[in-house]
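Remarks on the structure that follows.
Every number in this text was worked out from the coordinates using simple rules, so none of it is lab data. Please read these numbers as outputs of a predicted model, since none were measured by experiment. Positions of Cβ are backbone-derived with ideal geometry, glycine not excepted, and every protein chain shown enters the neighbour counts.
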Amino acid sequence: MRSATSYFNFTLFRKNLSRFWPIWGLYGLIWLVLLPIGLLTDGDYLTLARARLIPLQFLDGMSTALFLAAGFGILCAMAVFSYLYSSRSVGLLHALPMRREGLFLTNYLSGLAFLVLPNLAVFFLSLLVEAAFGVLVFSSLFVWLVTTCFYCLFFYSFAVFCAMFTGHILALPAFYGILNFLVMGLCFLVNDMAQRFLFGFTGAAWMETLGLYLTPVAYLASGVRVSYYDGPAPSYDQVAFLSGLGRVFLVGLIGLVLAALALAVYRRRQLETAGDVVSVAWVRPVFRYGVAFCCAIALGNLFDSIFDRLLPDGAWTLLFWMLLWGAFGCFVAVMLLRKTFWVFKSSWKGCCVFLACLTAAMCLMELDGFGFESRVPDPARVQTAYVYNVTTYPEDDARWAQFTADDPESIALVTALHERIVSEKARLEDDYNLYATGYTTDADGVDVQTEDWKDVRLSYVMTDGDVMYRDYTVPVTSEELAEEGSISALLQALFNAPGFAEEAYFGSLAEGDRLVAAEVSGVFSGNQALSENLTLPSESLPDLEAAVRADLAAGDLGRRWLLEDGEYLDGCYDAYLYLTYRLADREGSNSMEVTDAPAGTAVPYTEASGSDYATVTIALQPGASRTLALLEELAGIGPDQELALRTLRQVSVHDQALTG
Amino acid sequence: MIEAKNVVKSFDGFRALDGLTMTVPQGSIYGLVGPNGAGKSTLLRHVTGVYRQDSGSVLLDGDPIYENPAAKARIANIPDELYYFLSASTRDMMRFYKGFYPRFDAGRYEALKDVFPTVNERQSIRRLSKGMQKQAAFWLALSCRPDVLVLDEPVDGLDPVMRRQVWSLLMGDVAEHGTTVLVSSHNLRELEDVCDHVGILSHGKVLIERSLSDLQSNIVKMQVVFQEKELPALPDDMEVLHVSQVGRIHTLIIRGNATDITNRLAVYAPILMEALPLTLEEIFIYELGGEDYAVRDIVL
């Protein structure tokens, strides 16, 4: 008959507490100094607001509580389950008249008590200190206690879970540390590797999300923050609160699940594996090929970047390094598993199979076995297409503008560009290292740009809801810009498509937003060297806005260039029009957002200048006849006037004349 | 009674126990002998409920031992390699065992102080000498008042006086309380003095399992001087385990009863014939000779 003592033994619990007192003693001491003594040293300066804030500050983001829980969690697990790592100690504990469940539960609770009991003690001491100073904020300290205990529960349970898979005490912290960051690291490395092998691969957004969610430290640090009341606080001292408590409860729950899984593994554990790096049979091949894969991508990438100047750059060189380090990882893993260096003879076959699989996978990617690189969506299936991350000139609010295509004509422009890039894959990959920014000096002695490279990101939202992302780096040269149908020409044409400029400048304004001020910069008086800004009369603002919009619609304003070439220098004034809008009330937010843009797209071009205003900056261009005529009428700015605007070339020539 | 039935245990493909079957009668002192790597310690770890067998069963009075606290509470164990908590003294470990073994006898613990006077019960066990650590182990194990004592190389490290004292205590428990002692040792002369049952293990199986007297009466050493110098052809059904010759004296190790063997050899009218009993060590050596584990004359 099973008794309750089969599942928990107080003698063992007490023994653990007495044996490992330095661990919980040190943990308690650190918190004692940080919290109750910290409050105490605040003395007379300890107000209700500070008493509320101090405990919460230890939980903010990459916090002290997070580090202590992660660090002491593994120490506690190592201590209470250390007996599993020696055949002698495992013999003593497992010969005792207890079921495995009892041993596990007693040891698990002992380790947890190492962390929770000091937390409780610190909590009560802090309450006492605050009460003594008459600034008791129970809720803040209670949040600290709950959050810290849940952090401890999670990290300790995770460490115990790791402890069940190894028979070596030194392997435990290594596994714990690696597994804590494995997913994020792997996602990063796999993304990086795939970008090298797959032309146009942008990195999978789901991988980044997965990495964040499966990396506990990052997940908690990014979500558990001290927040401050935006509006009026409930009372003068209640200015701060902890947000992200849902995450805290979630990881606590996961901690319990991990503990249950650890028990399941422990019940089936073969105790003769004490001393083995991996103690669970089915995990051994996972470990072996996992180590090999991680070595291949991590060390492969590292050595590829170290030797990139000595060896030819490209996917095949990377594959060479990956195979080399994959083989290394494979043999090292076997050495660790078998605890001997002499493993080549018996494990070369598995290694060869792994390397063959790795080669096949990489070749499949590089040779576009999945058709990823050559895939250009059928325009008829595209609902919306975006082109973003391309820098254009002039340097106004449309500089980083995103091209959004949701009509068949515009979509066709994007797919045509995409098609052209894909068709020139070989050239683009070969020339990748030759991309440069180049200038030449023209007859006026002005530097004009002749070559550059652009990062071009494309994303398509399909009619069936699918999303497709691509990222390319393309060269832009003056020769190519002159060549019809070239990548450069297509890209420049895209950003000069009708309606683009107006959308780029005014797209984020809503109905009801009102122009309240306008200013022109770059106004020169006579032959002055320095320009000045001129504020335009408020009564003329509606006319000004109408003129600007008319110029934009007619294509007389808002022209974009990919290079700072001669055409750009002549086609653009070194003058900007600043249009300040008072924003109408927006539901749920007082900042301007592009809500339908996919993740990673360009930011809105208008920036909030205060909570209720936004300013649109537009570079003035000689062709903007309506706007320029109005400026002449309103402010006397014009070629035959006292006040004048200068093109970029004129400014450059003028500057050169001044500097001799 | 301890029973192991068809126990199989493999380590990374190596069968440490290969269908082992063994019975240890209640109240007996059972000596487990066998060459290195035969599986003795592995078997003992199954008997103490530490290892889980791949197949088969290990029972104490019909109940499985593995994951059975009731059965394990009746078993005390002294392994070959002792382990005690860092800086734990004998007294600390006494308190520890007391929390686990319901029949732990504190009175006996106090009484045994006189048996192990050299062991300082307040000193860390790890700081004691190897022999003293063994004494502490016996002290604690006997205080648990076990029905079964499982000992792996138990007196290794004890001085002769202490060995005799320990064996005397064990035999006293066997006689008074019917304690069953399962002991694994390479010290066959010592086992011969204390064991009433013997099991010889080889390659993960029990080769022979009998009472010591049965074992000794079933194998005989004959020293014979025949009429001719050469050994005559012996009957095919006579199981001769070993033959050696010094001068004209032939030494034959033959399986069977001494009287029967003497009568059958008398047919050859030997000049001289004497039947001698075999020691446990000789039985061990000659029995394992058939298992390809004979003593070889090695010249380097």
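For the range A:358-369, 3J(HN,Hα) computed residue by residue from phi via the Karplus equation (6.51, -1.76, 1.60; θ = phi - 60°) reads 4, 4, 4, 5, 5, 5, 4, 6, 5, 8, 6, x Hz, glycine and proline entered as x. When only the Cβ of Lys, Arg, Asp and Glu is charged (+1, +1, -1, -1), the dipole of the range A:379-497 relative to its Cα centre reaches about 460 debye. Could you tell me which of rounded, prolate or oblate describes the range A:238-318, using a ≥ b ≥ c as the square roots of the eigenvalues of the alpha-carbon gyration tensor, with rounded for a/c under 1.5 and, failing that, prolate when a/b is larger than b/c and oblate otherwise? Here the range A:238-318 falls in the oblate category. Note on the range A:379-497: the C-alpha convex hull projects to 8.2 nm² when averaged across all orientations.
Once the Cα-Cα distance is subtracted from the 0.36 nm per residue extended length, the A:A412 to A:L210 segment shows a gain of 69.3 nm.
Projecting label points 7 angstrom from Cα along Cα→Cβ for B:N263 and A:D442 puts them 13.1 nm apart. Amide H to amide H distances under 5 Å link A:W453 with A:V476, where only residues 5 or more positions off or on other chains count and H is placed in the peptide plane. So, counting K/R as plus one and D/E as minus one, what does the shell of residues with Cβ under 11 Å around A:D444 add up to? Neighbour charge sum, excluding A:D444 itself: -2.
The dipole here belongs to the range B:218-287: it is taken about the Cα centre, uses +1 on the Cβ of Lys and Arg and -1 on the Cβ of Asp and Glu, and is about 220 debye. Pairs over the 32 Å Cα-Cα cut-off, from the set B:K134/B:K205; A:K345/B:K5; A:K339/B:K40; A:K339/B:K113: A:K345/B:K5; A:K339/B:K113. Shape annotation for the range B:102-185: C-alpha extents along the principal axes are 34, 29, 19 Å, from largest to smallest. Sort by residue number and name the cysteines in chain A that have no neighbouring cysteine Cβ under 4.7 Å. Cys with no partner Cβ under 4.7 Å: A:C76, A:C149, A:C152, A:C162, A:C187, A:C294, A:C295, A:C352, A:C357, A:C363, A:C572.
How far apart, in nm, are two points set 7 Å out from the Cα along the Cα-to-Cβ line at B:S168 and at A:N433? About 8.8 nm separates the two model spin labels.
Proximity of backbone amide H atoms, modeled 1.01 Å from N, is registered between B:R145 and B:D105 at under 5 Å, excluding neighbours fewer than 5 places apart on the same chain. Selection among A:L128, B:G99, A:V334 by position relative to the dipole of the protein assembly as shown gives B:G99 as farthest towards the positive end (Cβ unit charges, Cα centre). Ranking A:A398, A:A493, A:S423 by Cα position along the charge dipole of the range A:392-509, where only Lys, Arg, Asp and Glu carry charges on their C-beta atoms, puts A:S423 farthest toward the positive end. Rounded to the nearest whole Hz, the Karplus-based 3J(HN,Hα) values (6.51 cos²θ - 1.76 cosθ + 1.60, θ = phi - 60°) of the range A:79-89 follow the sequence 5, 6, 10, 4, 5, 6, 9, 9, 5, 5, 5, with x at glycine and proline. The mean number of partner chain beta-carbon atoms within 10 angstrom of a residue's beta-carbon across peptide A:94-107 is 5.
The relative contact order of chain A comes to 10 percent, based on Cα pairs under 8 Å that sit 6 or more residues apart. Residues whose amide H falls under 5 Å from that of B:L207, counting only those 5 or more places apart or on a different chain, are B:I200, B:L201, B:S202, with hydrogens built in the peptide plane. Can you give the Rg to Rh ratio for the range B:172-300, taking only C-alpha atoms and Rh from Kirkwood? Taking Rg over the Kirkwood Rh, I get 1.04. Checking every one of the trypsin sites (Lys or Arg not before Pro) in the range B:86-170 against DSSP loop status and a limit of 15 other Cβ atoms within 10 Å picks out B:R103, B:R122. Rounded to 0.05, the FRET efficiency of the A:E511 and A:L182 pair, given R0 = 51 Å and the Cβ-Cβ distance, is 0.55. Label zone of A:S18 (point 7 Å out along Cα→Cβ, amide N under 16 Å): in the range B:55-87 this covers B:84-87.
Among the trypsin sites (Lys or Arg not before Pro) in the range A:190-285, those located in a DSSP loop and surrounded by at most 15 other Cβ atoms within 10 Å of their own Cβ are A:R268. Quick one: helix A:283-306 against the long Cα principal axis of chain A, what's the angle to the nearest 10°, folded into 0 to 90? For helix A:283-306, the angle is close to 40 degrees. Of B:T262, B:T179, A:T437, the sequence from fewest to most neighbouring Cβ atoms within 10 angstrom is A:T437, B:T262, B:T179. Ordering B:L278, B:Q227, B:L188 by Cα displacement along the dipole of chain B toward the positive end leaves B:L188 in first place; charges were set at the Cβ atoms of Lys, Arg (+1) and Asp, Glu (-1). Stokes-Einstein diffusion for chain A at 20 °C, viscosity 1.002 mPa s, with a Kirkwood radius from C-alpha pairs, works out to 70 µm²/s. In plain terms, the residue of A:E511, B:E67, B:E228 with the fewest other Cβ atoms within 10 Å comes first and the most crowded comes last, giving A:E511, B:E228, B:E67. Each Lys and Arg Cβ is given +1 and each Asp and Glu Cβ -1; about its Cα centre, the protein assembly as shown then shows a dipole of about 7420 debye. With each label modelled as a point 7 angstrom along the Cα→C-beta vector, the A:I306-B:A233 pair spans 7.8 nm. Cβ under 14 Å from A:F188's Cβ, A:F188 left aside: what net charge do those residues give with Lys, Arg +1 and Asp, Glu -1? That works out to -1. Based on the alpha-carbon gyration tensor of the range A:185-290 and its eigenvalue square roots a ≥ b ≥ c, which shape applies: rounded if a/c is under 1.5, prolate if not and a/b is larger than b/c, or oblate? In terms of gyration-tensor shape, oblate. Using θ = phi - 60° in the Karplus curve 6.51 cos²θ - 1.76 cosθ + 1.60, the 3J(HN,Hα) couplings for the range B:50-62 round to 7, 8, 9, 5, 5, 8, x, 9, 10, 10, 10, 6, x Hz; x is entered for Gly and Pro.
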